[in-house]
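S.K.: Okay, here's the structure, questions in a sec.
The values are calculated or read from the model by the stated rules, or taken from the named source; none is laboratory data. Note that the coordinates shown come from a computational prediction; the quantities given were computed from them, not determined experimentally. Neighbour counts are summed over all protein chains in view; Cβ atoms, including those assigned to glycine, are modelled from backbone coordinates with ideal geometry. Quick note on the areas: whole protein, heavy atoms, side chains included, nothing else; ligands and nucleic acids left out. Shrake-Rupley method; radii C 1.70, N 1.55, O 1.52, S 1.80 Å.
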Amino acid sequence: MKIKEIKVIVCSPGRNFTTVKIITDEGVYGIGDGTVNGRELSVASYLEDHVAPALIGMDPLRTEDIWQYLYKGAYWRRGPITMAAISAIDMALWDIKAKVAGLPLYQLLGGRSRDKVMVYRHASGLEISEVVERVLAIKETGVEAIRAQVAIPGLPPIYGTGDSTDTAALKGRGAIVPHEEVWATHKYLPLVPKLFEKVRDAVGWDVHLLHDVHHRLTPIEAARLGKDLEPYRLFWLEDAIPAELQEGFRIIRQHTTQPLAVGEVFNSIYDTHTLITEQLIDYARVTSTHAGGVTGIKKIFDLAAIYHVKSACHGPQDVSPIAMGCNIHLDVAIPNFGIQEFASYTEQMFDVFKCAWSYDRGYLQPGEVPGHGVDFDESLAAKYPYKQAYLPIARLEDGAMTSW
Ligand code: EZ4
Ligand code: CO
């Protein structure tokens, strides 16, 4: 079997997705997701200009060798664009391999370790009372784990707290530029324990509660927040600090027993190995689109298992339903599954990406069709051309750039 053709398609059925389709000389094809929110065209160029031409004629079943070829062969290793391109190819190759075997992908990853995949869903609002209402409404739908976020009084709504800010792409300076948000740590830190006091009172102790800091604190600030949240026993505190400095987590760990999660922006095992081997985190949030596909995150989760760190794949709308499919197959197979983030998708997105995986009352199933079970409607996708859009950026009240 040989790789005959590789197509790269960027479409926007509500938001942008970079999709790869690998077609073999025997007619079997596989698809993969290489979406990097705000940089979709860069991944498409990387794939079209540098990856696709080199892979034509190769044996698509040599999944590991092709992964190594693209990783080691680039010379400049890692980075979000390179790794998203490798991820897309890797997902498509695993799709082909599982189709050839006539098995759902999870069977090639060791078979089922569990019957169902627990997800967490998002509750957010501009005021605490609004968030409490949403948490209760989500719980009513059978969901057992809920992330709660609230806007900061006195500041405009920030990313993650209101629907309107989540796909920011505003016109400014004559072009599409990222929306600018305002951040103030001293206004945020006392607010979050108040949020979780109210949420816990309303929802009780049977529901897992999560919170995402979006990289906005320093280690000692995160340590303080962790301590203040201990009475409410969160499932985790996510992305408490920007994690380029993995050692930063040592400071947080010294001060709080609050479980910690990080890794949605990581693109390789080397971004996370200190965090895992020093047991500085409890959940690794790497996802198949950004950390090397099925091959890449399986390596990370296998390392994590040795150190009692669990999986928690990033699952926002800006990784495509293909990546969600690959994540779910891994989630059912690996022994150290923790939880799966699930933002779901719009009907328009589900029309373009036909999914064998399914969601019901707080749990996901991978489906039983051969491959990863997600197909791509190319002609429908062509009706939704790329639309420039960006995530917001954040500034302090004095105008200085800050992390989010
Ligand atoms: O900020 O997907 O845990 N989930 C998240 C997401 C991410 C976006 C970034 O593209 O933090 O909302
Ligand atoms: Co997050």
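S.K.: Which of the numbered conditions does I252 fail, given that it passes all the others? Conditions: (1) away from ligand 1 (no atom under 16 Å from the Cβ); (2) within 25 Å of the chain's Cα centre (by Cα); (3) surrounded by fewer than 20 Cβ atoms within 10 Å (Cβ to Cβ).
M.R.: (3)
S.K.: Of all residues being buried (at least 21 other Cβ atoms within 10 Å of the Cβ) and under 17 Å from R134 (Cα atoms) in region 208-244, which is nearest to the chain's Cα centre (by Cα)? Just the residue, please.
M.R.: Ranking the candidates gives D212 first.
S.K.: Working only within region 292-314, note down all residues that are within 16 Å of ligand 1 (Cβ to nearest atom) and either within 16 Å of E238 (Cβ to Cβ) or assigned by TED's automatic domain parsing to the domain that holds W94 (or both). Quick ask: steps written out before the conclusion?
M.R.: Going through region 292-314, the residues within 16 Å of ligand 1 (Cβ to nearest atom) turn out to be 297, 310-314.
Selection gives K310, S311, A312, C313, H314.
S.K.: Which residues, taken from region 377-404, are outside any loop (DSSP other than H, G, I, E, B), open to solvent by 70 Å² or more (accessible area, probe 1.4 Å) and polar (S, T, N, Q)?
M.R.: If the condition is that a residue be outside any loop (DSSP other than H, G, I, E, B), open to solvent by 70 Å² or more (accessible area, probe 1.4 Å) and polar (S, T, N, Q), then S379 is the only one that fits.
S.K.: Of the residues that sit in region 197-207 and are under 21 Å from E130 (Cβ atoms) and either touching a residue at least 12 places away in the same chain (Cβ under 8 Å) or within 16 Å of ligand 1 (Cβ to nearest atom) (or both), which one is most open to solvent (accessible area, probe 1.4 Å)? Walk me through it before giving the result.
M.R.: Let us first name the residues in region 197-207 that are under 21 Å from E130 (Cβ atoms), namely 197-204, 207.
When the remaining residues are screened for being either touching a residue at least 12 places away in the same chain (Cβ under 8 Å) or within 16 Å of ligand 1 (Cβ to nearest atom) (or both), the result is 197-200, 202-203, 207.
Values: E197: 86, K198: 116, V199: 1, R200: 16, A202: 46, V203: 9, V207: 8 Å².
Step by step, filter region 197-207, then rank; the result is K198.
S.K.: Just for region 4-51: of the residues that are open to solvent by 30 Å² or more (accessible area, probe 1.4 Å) and on the phi > 0 side of the Ramachandran plot, which one is nearest to ligand 1 (Cβ to nearest atom)?
M.R.: Filtering region 4-51 for residues that are open to solvent by 30 Å² or more (accessible area, probe 1.4 Å) and on the phi > 0 side of the Ramachandran plot, the one nearest to ligand 1 (Cβ to nearest atom) comes out as G14.
S.K.: Please count how many residues of region 105-133 are among the hydroxyl-bearing types (S, T, Y) and open to solvent by 50 Å² or more (accessible area, probe 1.4 Å).
M.R.: Of the residues in that region, 2 qualify.
S.K.: Something else about it: Quick check, is G248 assigned by TED's automatic domain parsing to the domain that holds K310, at positive phi and in contact with a helix residue (DSSP H, G or I) (Cβ under 9 Å, 6 or more places away or on another chain)?
M.R.: Working: assigned by TED's automatic domain parsing to the domain that holds K310: yes; at positive phi: no; in contact with a helix residue (DSSP H, G or I) (Cβ under 9 Å, 6 or more places away or on another chain): yes.
Against the criterion (assigned by TED's automatic domain parsing to the domain that holds K310, at positive phi and in contact with a helix residue (DSSP H, G or I) (Cβ under 9 Å, 6 or more places away or on another chain)), G248 does not qualify.
S.K.: Of all residues in region 255-264 being assigned to a loop (DSSP other than H, G, I, E, B) and more than 22 Å from the chain's Cα centre (by Cα), which is nearest to ligand 2 (Cβ to nearest atom)? Spell out the reasoning first.
M.R.: Initial filter on region 255-264 (assigned to a loop (DSSP other than H, G, I, E, B)): 256-259, 263-264.
Filter again for more than 22 Å from the chain's Cα centre (by Cα), leaving 256-257.
Numbers: T256: 19, T257: 21 Å.
Filtering region 255-264 for residues that are assigned to a loop (DSSP other than H, G, I, E, B) and more than 22 Å from the chain's Cα centre (by Cα), the one nearest to ligand 2 (Cβ to nearest atom) comes out as T256.
S.K.: Quick one: would you say E26 is in the same structural domain as I300 (by TED's automatic domain parsing), more than 26 Å from D302 (Cα to Cα), more than 16 Å from ligand 2 (Cβ to nearest atom) and modelled with pLDDT of 95 or more? Break it down into steps so the answer makes sense when it comes.
M.R.: Working: in the same structural domain as I300 (by TED's automatic domain parsing): no; more than 26 Å from D302 (Cα to Cα): yes; more than 16 Å from ligand 2 (Cβ to nearest atom): yes; modelled with pLDDT of 95 or more: yes.
Against the criterion (in the same structural domain as I300 (by TED's automatic domain parsing), more than 26 Å from D302 (Cα to Cα), more than 16 Å from ligand 2 (Cβ to nearest atom) and modelled with pLDDT of 95 or more), E26 does not qualify.
S.K.: Taking into account only those residues within region 212-234 that are hydrophobic (A, V, I, L, M, F, W, C) and more than 13 Å from ligand 1 (Cβ to nearest atom), which is farthest from V199 (Cα to Cα)? Before you say what the answer is, go through the steps one by one.
M.R.: Keep residues of region 212-234 that are hydrophobic (A, V, I, L, M, F, W, C), which gives 213, 217, 220, 222-223, 225, 229, 234.
Next, from what is left, pick out any that are more than 13 Å from ligand 1 (Cβ to nearest atom): 217, 220, 222-223, 225, 229, 234.
Working: L217: 22, I220: 25, A222: 20, A223: 21, L225: 16, L229: 12, L234: 11 Å.
Applying the filter and picking the extreme gives I220.
S.K.: How about region 1-111: which helices (runs of 4 or more DSSP H) wholly inside it have at least 1 residues that are small (G, A, S) and farther than 25 Å from A333 by Cβ?
M.R.: Working: elements: 40-45, 52-55, 63-73, 80-101, 105-108.
Ranges flagged: 40-45, 52-55, 63-73.
S.K.: So is H273 more than 16 Å from ligand 2 (Cβ to nearest atom) and either among the acidic types (D, E) or surrounded by fewer than 22 Cβ atoms within 10 Å (Cβ to Cβ) (or both) or not? Break it down stepwise before answering.
M.R.: Values: more than 16 Å from ligand 2 (Cβ to nearest atom): yes; either among the acidic types (D, E) or surrounded by fewer than 22 Cβ atoms within 10 Å (Cβ to Cβ) (or both): yes.
So H273 fits the description; yes.
S.K.: Follow-up question, since we're still on this one. Under 6 Å between Cβ atoms, which residue pairs at least 6 apart in sequence (or on different chains) link something in region 208-237 that is at positive phi with a partner that is modelled with pLDDT of 95 or more and away from ligand 1 (no atom under 14 Å from the Cβ)?
M.R.: none
S.K.: Filter region 292-314 down to residues that are outside any helix (DSSP H, G or I) and open to solvent by 10 Å² or more (accessible area, probe 1.4 Å), then give me how many there are. Lay out the reasoning, then the answer.
M.R.: Step one: filter region 292-314 for residues outside any helix (DSSP H, G or I), giving 292, 307-314.
Narrowing the set further to residues that are open to solvent by 10 Å² or more (accessible area, probe 1.4 Å) leaves 307-308, 310, 314.
Counting residues in region 292-314 that are outside any helix (DSSP H, G or I) and open to solvent by 10 Å² or more (accessible area, probe 1.4 Å) gives 4.
S.K.: Within region 276-291, take every residue that is assigned to a loop (DSSP other than H, G, I, E, B) and of a type in the set (S, T, N, Q) and give me the one that is most open to solvent (accessible area, probe 1.4 Å).
M.R.: Going through region 276-291, the residues assigned to a loop (DSSP other than H, G, I, E, B) turn out to be 278-282, 285-291.
Within this subset, residues satisfying the condition of being of a type in the set (S, T, N, Q) are 279, 287-289.
Numbers: Q279: 88, T287: 1, S288: 0, T289: 0 Å².
Ranking the qualifying residues of region 276-291, first place goes to Q279.
S.K.: What residue, of T287, T295, T274, is touching a Cys at 6+ places or on another chain (Cβ under 6 Å), among the hydroxyl-bearing types (S, T, Y) and more than 26 Å from L396 (Cβ to Cβ)?
M.R.: Working: T295 fails: touching a Cys at 6+ places or on another chain (Cβ under 6 Å); T274 fails: touching a Cys at 6+ places or on another chain (Cβ under 6 Å).
T287 is the lone residue from the list that is touching a Cys at 6+ places or on another chain (Cβ under 6 Å), among the hydroxyl-bearing types (S, T, Y) and more than 26 Å from L396 (Cβ to Cβ).
S.K.: Then there is this: Looking at (1) within 14 Å of ligand 1 (Cβ to nearest atom); (2) on the phi < 0 side of the Ramachandran plot; (3) not basic (K, R), can you tell me which one G263 breaks?
M.R.: Condition (2) is where G263 drops out.
S.K.: Which of (1) in contact with a Leu (Cβ under 9 Å, 6 or more places away or on another chain); (2) without any contact (Cβ under 8 Å) to a residue 24 or more places away in the chain; (3) of a type in the set (A, V, I, L, M) is the odd one out, the single condition V51 does not satisfy?
M.R.: Evaluating V51 over (1) in contact with a Leu (Cβ under 9 Å, 6 or more places away or on another chain); (2) without any contact (Cβ under 8 Å) to a residue 24 or more places away in the chain; (3) of a type in the set (A, V, I, L, M) leaves (2) as the failure.
S.K.: Could you identify the single residue in G362, G371 that is buried (at least 24 other Cβ atoms within 10 Å of the Cβ) and in contact with an Asp or Glu (Cβ under 6 Å, 6 or more places away or on another chain)? Don't jump to the end; show me each part of the working.
M.R.: Details: G362 fails: buried (at least 24 other Cβ atoms within 10 Å of the Cβ).
Step by step, each of G362, G371 is checked, and only G371 is buried (at least 24 other Cβ atoms within 10 Å of the Cβ) and in contact with an Asp or Glu (Cβ under 6 Å, 6 or more places away or on another chain).
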